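All remarks here apply to the structure that follows.
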Amino acid sequence: MSRIFSGVQPSGNLHLGNYLGAIRNFVGLQDDYECIYCAVNMHAITVWQDPEELRNNTREVAAAYIAAGVDPKRSIIFAQSTVPAHAELAWIFNCVARLGWMNRMTQFKEKAGKNRENASLGLYAYPSLMAADIMVYKATHVPVGEDQKQHLELTRDIAQKFNNDYGTETFPLVEPLIFGAATRVMSLRDGSKKMSKSDPSDYSRITFTDDRDSIAKKLRKARTDADPLPDAEEGLKDRPEAANLVGIYAALANLTRQEVLNEFAGAAFSTFKPALTDLAVEKFGPIGEEMKRLMADPGHVDAILREGAERASAIAAPVIDEVKEVVGLIRP
Ligand code: TYM
């Protein structure tokens, strides 16, 4: 039995990288799999979140899923905090995962920065909660962007160690689904950094709430080099900013990078950027519009999240019971 699980943090500034790397891929998978899509609000609080904004951003993630084409009737959409089994399994996984494994996590190192002593314990244990998110549904496939690959490898390690330690086959080994022409969208200001919600510069990312004017402005200001576009992919090699914009175009147009270059070989950025702006406005703009429309009726979104929580809980309950039984934890 195959089951999909994925999540997005409601930490504001949802962007084109989240869409092209993950959310867009959620949509097509609904045809072939049972899908569970979560707004991971307990992950968000591993760094400070304003409570009122967190509530609103949680709805916004759900609205973004729906606006992108996730069907709340077919798929489950819910907020992590509404299914307590995530936190329960995360604690058990904290006792399975090893400190050495956590110390290797690059996302922790990046997010904690230089002042590691001052990072929250939750930020350190983040990947253990992520493993619990997936395993509490015994999900088999997880669509994500490239940056989550290491966390999914850790999820496999935790599941395997649990199975070995207890001599069971409780958990499946999960497979990452990383696909599309833009699995790692880079910052518009710096081609060596990924596009991220937490970048201090709003010009580094295109967000779901950007209108035509701001999309155009951000792309016009996007950093590039002085050369025209090459005719083959090899020509993008040491040109991270150019490669990024071509990748974004390819993903939005459903083309390969080479097909984009076939069309734009020899073009200057003064030609390519307006074409990319038109495409982004056409393909990404309406999703943001729909998200905003959904956000105008929070009661509707909340009802979807409530129904999703019930359906998710029904799947998670027997799994957490089984795990407690295996571990020897007395159940209520
Ligand atoms: P988060 O909220 O940072 O990002 C959500 C999804 O967007 C992808 N993504 C990107 N893809 C391409 N280019 C980018 N610049 C870019 N930035 C983000 C991410 O890979 C992700 O798929 N740890 C996760 C949330 C999570 C989760 C889970 C995911 C918690 N539990 C269980 C899957 C399964 C995260 O921080 O995503």
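The sole residue among Ile315, Ile304, Ile248 that is over 30 Å from Arg3 (Cβ atoms) and either among the β-branched types (Val, Ile, Thr) or free of Cβ contacts under 8 Å to residues at least 40 places away in the same chain (or both) is Ile248. The residue list Ile4, Ile36, Ile23, Ile76 contains one member that is under 17 Å from the mean Cα position of the chain (by Cα) and farther than 25 Å from Thr170 by Cβ, which is Ile23. When restricted to residues that are under 19 Å from Ser120 (Cα atoms) and in contact with an Asp or Glu (Cβ under 9 Å, 6 or more places away or on another chain), the stretch 43-79 contains 1. Here the condition is being acidic (Asp, Glu) and within 12 Å of the ligand (Cβ to nearest atom); of Asp157, Asp133, it holds for Asp133 alone. Taking (1) in contact (Cβ under 8 Å) with a residue 40 or more places away in the chain; (2) touching a helix residue (DSSP H, G or I) at 6+ places or on another chain (Cβ under 8 Å) in turn, Pro172 satisfies each apart from (1). Confirm whether Phe93 is within 13 Å of the ligand (Cβ to nearest atom), part of a strand (DSSP E or B) and farther than 26 Å from Asn254 by Cα. So Phe93 does not fit the description; no. Test Asp133 against the criterion of being among the charged types (D, E, K, R), in contact with a His (Cβ under 6 Å, 6 or more places away or on another chain) and crowded, with 16+ Cβ neighbours inside 10 Å, and give yes or no. So Asp133 passes the test.
In the set Gly167, Gly145, which member is more than 10 Å from the ligand (Cβ to nearest atom) and either surrounded by fewer than 20 Cβ atoms within 10 Å (Cβ to Cβ) or within 29 Å of Leu16 (Cβ to Cβ) (or both)?
Working: Gly145 fails: more than 10 Å from the ligand (Cβ to nearest atom).
Step by step, each of Gly167, Gly145 is checked, and only Gly167 is more than 10 Å from the ligand (Cβ to nearest atom) and either surrounded by fewer than 20 Cβ atoms within 10 Å (Cβ to Cβ) or within 29 Å of Leu16 (Cβ to Cβ) (or both).
Evaluating Arg223 against the criteria (1) in a helix (DSSP H, G or I); (2) surrounded by fewer than 19 Cβ atoms within 10 Å (Cβ to Cβ); (3) touching a helix residue (DSSP H, G or I) at 6+ places or on another chain (Cβ under 6 Å) leaves one unmet condition, (1). Taking the stretch 1-90 and the helices (runs of 4 or more DSSP H) fully enclosed by it, no element has 3 or more residues that are away from the ligand (no atom under 13 Å from the Cβ) and on the phi > 0 side of the Ramachandran plot. The number of residues in the stretch 1-14 being within 14 Å of Ile206 (Cα to Cα) and surrounded by 24 or more Cβ atoms within 10 Å (Cβ to Cβ) comes to 1.
If the requirement is being among the basic types (Lys, Arg), over 30 Å from Thr256 (Cα atoms) and either part of a helix (DSSP H, G or I) or out of contact with any strand residue (DSSP E or B) (no Cβ under 6 Å at 6 or more places or on another chain) (or both), which of these qualifies: Lys114, Lys149?
Lys114
Given the criteria within 27 Å of the chain's Cα centre (by Cα) and either more than 29 Å from Ile66 (Cβ to Cβ) or among the basic types (Lys, Arg) (or both), does Ala268 qualify? No.
Read-outs: derived from the displayed coordinates by stated rules, not from any lab. What you are looking at is a predicted structure, and each value in this text was computed from that prediction instead of being measured. Because the Cβ atoms are built from the backbone with ideal geometry, glycine has one as well, and the counts that use them run over all protein chains shown.
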